[in-house]
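Scroll down for the structure; my scribbles are underneath it.
The values are calculated or read from the model by the stated rules, or taken from the named source; none is laboratory data. For clarity, every value in this text was computed on a predicted model and none was experimentally measured. Neighbour counts run over all protein chains shown; Cβ positions are idealised from the backbone, glycine included.
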Amino acid sequence: MVAPGELIAGKYRVDRVLGEGGMGVVVLARHEQLEQQVALKFLHVSKDLPPDAMNRFLREARAVAKLRGENVARVLDVDTLPDGSPYIVMEYLQGQDLSEVVDERALPVSEAVDFVLQACVGLAEAHALGIVHRDLKPANLFLTRTPDGTPLVKVLDFGVSKLRSEDEPSMPTTQTGTVMGSPLYMPPEQARSSRNVDHRADIWALGAVLYQLVTRHPPFTASNIADLFVRILHEPHAPASTLVPDAPAPLDAIVDRCLAKTAAERYADLAELALALEPLASADGARSVAKVLRLSGRATDPGAEAAPRNTTSVPVVVKSAAAVSDGPTQSALSVTDEKRPPRRVWTYAAALAIIVVVALGARALLASEVDASERNVTPTPEQAAAVPPPARSLEAPPIAAQLTAPVEPAADAGPPEPLTPVVAEPRVPTRPAATAPTPKPAPRPDAPPVIPPKKPDESAFDTMQ
């Protein structure tokens, strides 16, 4: 189709072929004016080309052009050759895809989880725009590095992606017999029909990729595609811990949920998956979790990553037992934080509590005084007439008269006999409704008023306590 040294569109000088398949070829080229290396992806145009191949090729360009994150290979331009063959200009990546990495070694769990979380970041942006990849596999996750040497995973090849607004035939294969997607990483609903899949098909594929990065084997294998689909549809996979004994138990649980046969039993979205993976990730992985949350609409502040640590909130663990120590991630997760009430609210609450306690104490004290006054109330004349006076001795006047009347010695009387004190029996106070109290003798006009001491009501202190 193109030869090394050929100039495309007057600005892209072809250097060498990077890869070739049945549908097209990818070459390395150099932008003549910018002196920048780019990757050109061409589509083979022939009579054997499937009818929808052109649409799927252009769909990839449209889908990727909408994505701006660093975890997706960027599309720079789209054009056609003089013979009508379309091509896509993409950023050139240096590194290796994860299928090449896993062929060399099995990854530690934390490293594999970090790579999957970076893929989640790129896919979260796509899912937010209604784009389902449908062909996730280790070969479509490319491992490169940032200028400072940090590992960076980029999602490639949206060629069989599906837009939410698009409709397509329900047949899972094309005229050339190739399956829409990669069967080893295909969920059951996509094996039945590629038409009605949604973002949870990508969650299945991510679980299969994570399984292979740790064990170096896909979760389902077979000698032919028919047997493979039977196993995907009806048989369980072997737990990762049976192949890697030191694999943590949470890894098995996460993979099991990703590979659930029914889409409704999987994680609802990439945010749930990211939160489940966070305890197994490194500090870099925790930052990826924060990005997934924002892209999935779980965080309210899009600029929270650059904000300082939020010191007015208490972090609440949400489906994650890992503590996040860095400020950017803590701020990004502030959507799940429980806000502390301001100090002014605490002051108002304390003042209100004091007022309530004082009011209750005053009410109890007032009740005790009313009860005491009811016990000492003077009966009305009708009540006094209804109660017979107590029996008195006919020989002696009342005690009050004896104490107040002047004593005049008789002329023929001898020395006065000592008076025998009369001790009154203690009277149990009762309420007026039961028995009317005995009327008190009227005090002398010239005598000062006698105010009996009031006994404190202990029940009021009990209320205060």
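Structure data summary
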{"read-out": "Residue within the range 81-104 that is free of Cβ contacts under 8 Å to residues at least 24 places away in the same chain and either surrounded by 16 or more Cβ atoms within 10 Å (Cβ to Cβ) or over 22 Å from Ala205 (Cα atoms) (or both) present", "value": "yes"}
{"read-out": "Qualifying position, being in contact with a strand residue (DSSP E or B) (Cβ under 6 Å, 6 or more places away or on another chain) and among the acidic types (Asp, Glu), among Asp97, Asp103", "value": "Asp97"}
{"read-out": "Candidate set from the range 21-49 (those that are loosely packed, with under 15 Cβ neighbours inside 10 Å and within 19 Å of Phe158 (Cβ to Cβ)); member that is modelled with the highest pLDDT", "value": "Gly21"}
{"read-out": "Only listed residue being among the aliphatic types (A, V, I, L, M), buried (at least 18 other Cβ atoms within 10 Å of the Cβ) and part of a loop (DSSP other than H, G, I, E, B), chosen from Leu143, Leu123, Leu117, Leu136", "value": "Leu136"}
{"read-out": "Positions within the range 79-109 being in contact with a Leu (Cβ under 7 Å, 6 or more places away or on another chain) and in a loop (DSSP other than H, G, I, E, B), in sequence order", "value": "Ser85, Tyr92, Gly95, Leu107"}
{"read-out": "Filter pass, Ser223 being surrounded by fewer than 23 Cβ atoms within 10 Å (Cβ to Cβ) and touching an Asp or Glu at 6+ places or on another chain (Cβ under 6 Å)", "value": "no"}
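Yes/no matrix, rows are residues, columns are (1) modelled with pLDDT under 80; (2) assigned by TED's automatic domain parsing to the domain that holds Tyr267; (3) of a type outside the set (A, V, I, L, M):
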position: Val155; (1), (2), (3): no, yes, no
position: Glu189; (1), (2), (3): no, yes, yes
position: Ser193; (1), (2), (3): yes, yes, yes
position: Ala208; (1), (2), (3): no, yes, no
position: Pro218; (1), (2), (3): no, yes, yes
